[in-house]
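Only one structure is covered here, and it is reproduced in the block below.
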Amino acid sequence: MATDSTPPPSFVKQAMRNMVRKGSKSLFHFGLTAMGFLGFITLVAWLGRPTLPG
């Protein structure tokens, strides 16, 4: 029982279409996420730095 209907678009295609439609708002949110991630990694590295005997 085969049907010739097209499969639904993948989540990746939907996400890309949504990102193109929203434009700069998407890029702004991506930038915020990237800066937050880099800040978090920097904080963890700073808090976990080794203490050398002086």
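The values are calculated or read from the model by the stated rules, or taken from the named source; none is laboratory data. Everything quoted here is computed from the prediction, not taken from an experiment. Glycine gets a Cβ as well: all are built from the backbone with ideal geometry, and neighbour counts include every protein chain shown. The protein model used for the area step is the full one, side chains on, heavy atoms only, and it has no ligands, DNA or RNA in it. Shrake-Rupley method; radii C 1.70, N 1.55, O 1.52, S 1.80 Å.
Derived value for the chain: Kirkwood hydrodynamic radius 15.3 Å. Basis is the mean of 1/r over every pair of different alpha-carbon atoms.
Taking only protein heavy atoms and a 1.4 Å probe, the accessible area of the chain is 71% carbon and sulfur. Mean residue ellipticity, 222 nm, helices only, the chain: the sum of -39500 (n - 2.57) across DSSP H runs of n ≥ 4, divided by residue count and rounded to 500, is -22500 deg cm²/dmol. Multiplying the residue separation of residue 17 and residue 51 by 0.36 nm and removing their Cα-Cα distance gives an extension gain of 7.4 nm. Modelled label positions at residue 10 and residue 30, each set 7 Å beyond Cα in the direction of Cβ, lie 1.8 nm from each other.
How much area per residue is accessible in the chain when the probe is 1.4 Å and only protein heavy atoms are counted (Å²)? Could the numbers behind the result be given before it?
Details: 5540 Å² over 54 residues.
In whole numbers, the chain has 103 Å² accessible per residue.
Computed from Cα atoms, the angle from the helix 11-22 axis to the main principal axis of the chain rounds to 80 degrees.
Sorting 6-12, 28-34 by average packing, meaning the other beta carbons within 10 Å per residue, from highest down gives 28-34, 6-12.
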